[in-house]
Amino acid sequence: MKYGKTVLLALAGAVSMLPLQNASAETLHVFMHSYDMNLWQAVFDKYEASHKGIDIKVTVGGNTSEQQAQYLNTQMSAKDSTLDIINLDVVRPAQFAAAKWIMPLNDDLDGGTKYLDRYLSAYSKANVIDGEVAALPSRADAMMLFYRKDLLKKYDIDPPKTWSELSADAKKIQKQEGGDLQGLSFQGAAIEGAVCTFLLPYWSTGHTLVDKDGKLTFDMDAAVDSLKLWKGFVDDGVAPKNVAEIATDDTRQDFQRGAAIFAVEWPYAWNHFQNDADTAVKDKVGIVALPAVEGGKSATCLGGWQWGVSAYSNHKKDAVELTKYLASREVSKYIAIHGSLLPTFEDLYTDADVTKAVPWFADLLPVVQSAHARPVTPRYNEVSNAIRTTVNAVLAGQTSPEQGASQMQARLQRILR
Amino acid sequence: MSQAVADRQETEERQTVGGRFARLMDMGDGALAFWLLLPTAVLLLAIIVYPVCRLIYTSFLSLSLTSGLPASFAGLQNYRDMFADPVFWSSFWNTVIITVVTVPGALVVGMALALIANIPFRQRWAFRLALLVPWALPLAFCGLIFAWFFQSDYGIVNDVLRRLGLPTVIWFNSYAWATVAICLTTIWKTSSFMALIILAGLQTIPRSLYEAAEIDGAGRVRQFFEITLPLLRPAIAVALIFRTITALQTFDIPYTMTRGGPGTSTVTLAMYIRQNTVDFLDLGYGSALAVAMFALSMIVTVFYLRMIRRGA
């Protein structure tokens, strides 16, 4: 009798546990960068509130694109199932899809690849690899020229349209202002940003680095000119001598403390210039499209981040749902207003709510639309390394622009053969 | 006792544990040696011979985890690429330069430190303690600390140069200066290891030899060259072998100080292997590079072994 009672109690207990089991949260692990965390936490909180039973945990792994790639390289090679959703730089979907680290999303999206038509065309292009949707776009990005409105006004100078105008303007202001005011700050450290540094003037000449089929279309003259242009800024004293040590956030900090007239930067910096406690340039910052080379067209480097679903995830269905939400118009608008992150939807650039918060977005759409993508290849890490170490060596005076360009060509030929 | 009974007894004895042990003791020296060495041999096979063979095998494959393609036989392609790869050659020569500069450098500095530590004075313990610090410091920390020392704007090295009225240097902006910085750091870090081994060697030299030499009228310098140095030979040889092998594997200090920059000019062989295998996931090419490093280490080891044999 006593025995039977115990069994009954245990059964009752087990039954009462069942609904609890269902309601207990399924945890989705999201891998991303560690900056702008408050912004993203708000986005995740909103999703958790409307999706009972989903618990979102964030895993961070380094603050730069290369550091994150390094972390993911080991994690994904080990077929680790702890990550469900991965935040990817625009240059990575090709590698991750080829390695089968992220699952193709075609079957989970209405219309397959057509689902991407809602996004800016650069991002629908970047996220379709071999006819499969590899990831969904999170935010857009494009390099811009930041300038000191107050200084240009003081000397009655219009924002430069070409790099040589920029050089002349910078020298003029530097001479008048004196001190060690930098003319131009750009990225010369051997980081991902240095790839864009090299490609900006290169693209501006009208040349491409690879063709549609991923074959190398390296133009020696354009490459030499690009390296000469940047080295010239250093030799003329427009850029600082130690530019080979300067990474993206160093440029941001130098400009923020008022130490530079011009800066080649990504839009994230604008929020810091306006709102950081230590900013010396609040309301003194202008943003325009990057200058062109003489006789060329202005060109900028396409950035941006995507959401991919890990092929080793144990919660693929829920992960895909969350990914769709994170790449939705609603989220894109929210992060544009609250984080000055560029939208992936065309109409949001002129959306009244968005332009109220970030007025200069209205002028940005044509810039983003004409932005050039870095080469799409599974071996992008190697391509990037060949370019950025060469830029770094030339800026350090280690290699001449001519030698650098021919070394770069040789290394790229080996990688992209 | 009949023969049959005796035989049976012997069989029974053999079957007991004690009997088996007795039989083990009976077997020849060769067989005993075989069984005693077997565990070590199996362990060495598993952790050294197998990985080395596997490495050599992989170096003939086209195996890149980023390609999504299965491994395929590539013949000598990885090696052809390697010999045509300028970064391989510069990393090879950087490794050789770092070894050739820092091993003798650390030997000289380490010898000086050991001689000072061997002089009987009262605060010797403090000196010996200070000698241990660089040795105990992890290589990567050492690299990071010295990267700050050599930093162009606020590093202590440029600060001292400035105070002395000397021109300052952007250390990591040029191959030559970056290599100087790496070598100085490596010598600082490794000379204490040299000093420790040489100090142990110094303490085995009997004082009476020096006393006798003094009576014979030999000066300090002569004593050093006639007594100290010859008797230190074995200690120096051991220190050199250990130090050279680790120098060929130099990774931490240049990785943390320059990341291989400017450009790829200060990349060492070990750094290049890591970059190809971990960053690029090109295991085939990375293995070929590792085979090259293995070959280099073998050549140096054989050279030292011969030198020791000739000395003995």
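The values are calculated or read from the model by the stated rules, or taken from the named source; none is laboratory data. Please read these numbers as outputs of a predicted model, since none were measured by experiment. Note that we place each Cβ from the backbone using ideal geometry, even for glycine, and neighbour counts take in every protein chain shown. Ligands, DNA and RNA are excluded from the accessible area calculation, which covers all protein heavy atoms including side chains. Shrake-Rupley method; radii C 1.70, N 1.55, O 1.52, S 1.80 Å.
Within segment A:302-318, identify whether any single residue is surrounded by 17 or more Cβ atoms within 10 Å (Cβ to Cβ) and farther than 28 Å from A:Lys46 by Cα, and answer yes or no.
yes
Hey, does segment B:76-97 have a residue that's loosely packed, with under 14 Cβ neighbours inside 10 Å and of a type in the set (D, E, K, R)? Walk me through how you get there before you give the answer.
Here is the first cut: in segment B:76-97, the residues loosely packed, with under 14 Cβ neighbours inside 10 Å are B:76, B:80, B:83-84, B:86, B:89, B:93.
Subsequent filtering for residues that are of a type in the set (D, E, K, R) retains B:80.
Yes: segment B:76-97 contains one or more residues that are loosely packed, with under 14 Cβ neighbours inside 10 Å and of a type in the set (D, E, K, R).
Look through A:Val264, A:Val234, A:Val243 and report the one residue that is surrounded by fewer than 22 Cβ atoms within 10 Å (Cβ to Cβ) and in contact (Cβ under 8 Å) with a residue 60 or more places away in the chain.
Values: A:Val264 fails: surrounded by fewer than 22 Cβ atoms within 10 Å (Cβ to Cβ); A:Val243 fails: surrounded by fewer than 22 Cβ atoms within 10 Å (Cβ to Cβ).
Answer to the check: A:Val234.
Checking B:Phe225 against (1) within 14 Å of chain A (Cβ to nearest Cβ); (2) assigned to a helix (DSSP H, G or I), which single condition isn't satisfied?
(1)
Would you mind stating whether A:Asp45 is away from every other protein chain (no Cβ under 11 Å), part of a helix (DSSP H, G or I), within 23 Å of A:Ile335 (Cα to Cα) and among the charged types (D, E, K, R)?
Numbers: away from every other protein chain (no Cβ under 11 Å): yes; part of a helix (DSSP H, G or I): yes; within 23 Å of A:Ile335 (Cα to Cα): yes; among the charged types (D, E, K, R): yes.
Considered against the rule, which asks whether it is away from every other protein chain (no Cβ under 11 Å), part of a helix (DSSP H, G or I), within 23 Å of A:Ile335 (Cα to Cα) and among the charged types (D, E, K, R), A:Asp45 comes out as yes.
Look at B:Arg222 and say whether it is among the charged types (D, E, K, R), surrounded by fewer than 18 Cβ atoms within 10 Å (Cβ to Cβ) and touching a residue at least 60 places away in the same chain (Cβ under 8 Å). Break it down into steps so the answer makes sense when it comes.
Numbers: among the charged types (D, E, K, R): yes; surrounded by fewer than 18 Cβ atoms within 10 Å (Cβ to Cβ): yes; touching a residue at least 60 places away in the same chain (Cβ under 8 Å): no.
Here the answer is no, as B:Arg222 does not meet what is asked.
Please go through segment A:267-290 and pick out each residue that is modelled with pLDDT of 90 or more, open to solvent by less than 10 Å² (accessible area, probe 1.4 Å) and under 16 Å from A:Asp363 (Cβ atoms).
A:Gly286, A:Leu290, listed by residue number.
If you take the residues of segment B:229-244 that are more than 21 Å from B:Leu184 (Cβ to Cβ), open to solvent by 10 Å² or more (accessible area, probe 1.4 Å) and aliphatic (A, V, I, L, M), which of them is farthest from the other protein chains (Cβ to nearest Cβ)?
To start, the set of residues in segment B:229-244 that are more than 21 Å from B:Leu184 (Cβ to Cβ) comprises B:229-238, B:241.
Now drop any that are not open to solvent by 10 Å² or more (accessible area, probe 1.4 Å), which leaves B:229-231, B:233-238, B:241.
If we keep only those that are aliphatic (A, V, I, L, M) too, we end up with B:229, B:231, B:235-238, B:241.
Working: B:Leu229: 41, B:Leu231: 47, B:Ala235: 41, B:Ile236: 37, B:Ala237: 38, B:Val238: 37, B:Ile241: 33 Å.
Here the residue is B:Leu231.
If we scan segment B:164-187, do we find a residue that is over 28 Å from the mean Cα position of the chain (by Cα), crowded, with 16+ Cβ neighbours inside 10 Å, assigned by TED's automatic domain parsing to the domain that holds B:Trp135 and assigned to a helix (DSSP H, G or I)? Outline the logic, then answer.
Filtering segment B:164-187 for residues over 28 Å from the mean Cα position of the chain (by Cα) gives B:164-170, B:173.
From what is left, the residues that are crowded, with 16+ Cβ neighbours inside 10 Å are B:169-170, B:173.
Applying the additional criterion that residues be assigned by TED's automatic domain parsing to the domain that holds B:Trp135 yields B:169-170, B:173.
Next, only the ones that are assigned to a helix (DSSP H, G or I) stay: B:173.
For segment B:164-187, residues over 28 Å from the mean Cα position of the chain (by Cα), crowded, with 16+ Cβ neighbours inside 10 Å, assigned by TED's automatic domain parsing to the domain that holds B:Trp135 and assigned to a helix (DSSP H, G or I): present.
Given the criteria open to solvent by 30 Å² or more (accessible area, probe 1.4 Å), assigned to a strand (DSSP E or B), β-branched (Val, Ile, Thr) and more than 14 Å from every other protein chain (Cβ to nearest Cβ), does A:Thr59 qualify? It would help to see each step written out before you state the result.
Working: open to solvent by 30 Å² or more (accessible area, probe 1.4 Å): yes; assigned to a strand (DSSP E or B): yes; β-branched (Val, Ile, Thr): yes; more than 14 Å from every other protein chain (Cβ to nearest Cβ): yes.
The answer is yes for A:Thr59.
Could you look through segment B:57-108, keep only residues that are assigned to a loop (DSSP other than H, G, I, E, B), touching a residue at least 40 places away in the same chain (Cβ under 8 Å) and of a type outside the set (A, V, I, L, M, F, W, C), and pick out the one that is nearest to the other protein chains (Cβ to nearest Cβ)?
B:Thr66
Could you count how many residues in segment A:249-261 are touching a residue at least 40 places away in the same chain (Cβ under 8 Å) and open to solvent by 30 Å² or more (accessible area, probe 1.4 Å)?
Result for segment A:249-261: 1.
On the given criteria, is B:Ala213 out of contact with any Asp or Glu (no Cβ under 9 Å at 6 or more places or on another chain) and either under 30 Å from A:Gln67 (Cα atoms) or part of a helix (DSSP H, G or I) (or both)? Explain how you work it out, then say what you get.
Details: out of contact with any Asp or Glu (no Cβ under 9 Å at 6 or more places or on another chain): no; either under 30 Å from A:Gln67 (Cα atoms) or part of a helix (DSSP H, G or I) (or both): yes.
No.
All but one of (1) open to solvent by 10 Å² or more (accessible area, probe 1.4 Å); (2) more than 20 Å from B:Thr190 (Cα to Cα); (3) more than 10 Å from chain A (Cβ to nearest Cβ) hold for B:Gly286; which doesn't?
That leaves (1) as the condition not met.
Name the one entry in B:Leu113, B:Leu132 that is open to solvent by 60 Å² or more (accessible area, probe 1.4 Å) and in a helix (DSSP H, G or I). Before you say what the answer is, go through the steps one by one.
Working: B:Leu113 fails: open to solvent by 60 Å² or more (accessible area, probe 1.4 Å).
From the options B:Leu113, B:Leu132, the qualifying one is B:Leu132.
Inside segment A:83-111, can you point out the residues that are away from every other protein chain (no Cβ under 11 Å) and either under 23 Å from B:Gln275 (Cβ atoms) or exposed (fewer than 15 other Cβ atoms within 10 Å of the Cβ) (or both)?
Pass one, segment A:83-111, residues away from every other protein chain (no Cβ under 11 Å): A:83-91, A:93, A:102-111.
Scanning segment A:83-111 gives A:Ile86, A:Leu88, A:Asp89, A:Val90, A:Val91, A:Pro93, A:Asp107, A:Asp110, A:Gly111.
Considering only segment B:253-280, state which residues are assigned to a loop (DSSP other than H, G, I, E, B) and within 9 Å of chain A (Cβ to nearest Cβ). Lay out the reasoning, then the answer.
Narrowing segment B:253-280 to residues assigned to a loop (DSSP other than H, G, I, E, B): B:258-268, B:280.
Once the filter is applied, which keeps residues that are assigned to a loop (DSSP other than H, G, I, E, B) and within 9 Å of chain A (Cβ to nearest Cβ), segment B:253-280 yields B:Arg259, B:Gly260, B:Gly261, B:Pro262, B:Gly263, B:Thr264, B:Ser265, B:Val267, B:Phe280.
Is there a residue in segment B:136-147 that is surrounded by fewer than 13 Cβ atoms within 10 Å (Cβ to Cβ), under 29 Å from A:Glu245 (Cα atoms) and within 14 Å of chain A (Cβ to nearest Cβ)?
Start the filter on segment B:136-147 by keeping residues that are surrounded by fewer than 13 Cβ atoms within 10 Å (Cβ to Cβ), which leaves B:136, B:138, B:141.
Within this subset, residues satisfying the condition of being under 29 Å from A:Glu245 (Cα atoms) are B:138, B:141.
From what is left, the residues that are within 14 Å of chain A (Cβ to nearest Cβ) are none.
No: zero hits.
Name the single residue, out of those in segment A:345-392 being in contact with a Ser or Thr (Cβ under 7 Å, 6 or more places away or on another chain), hydrophobic (A, V, I, L, M, F, W, C) and open to solvent by 10 Å² or more (accessible area, probe 1.4 Å), that is farthest from the other protein chains (Cβ to nearest Cβ).
Once the filter is applied, the top-ranked residue is A:Ala362.
Among the residues of segment A:398-417, write down those that are without any contact (Cβ under 8 Å) to a residue 60 or more places away in the chain, at the interface with chain B (Cβ under 10 Å from one of its Cβ atoms) and within 22 Å of A:Trp230 (Cβ to Cβ).
A:Gln398, A:Thr399, A:Gln407, A:Ala410, A:Arg411
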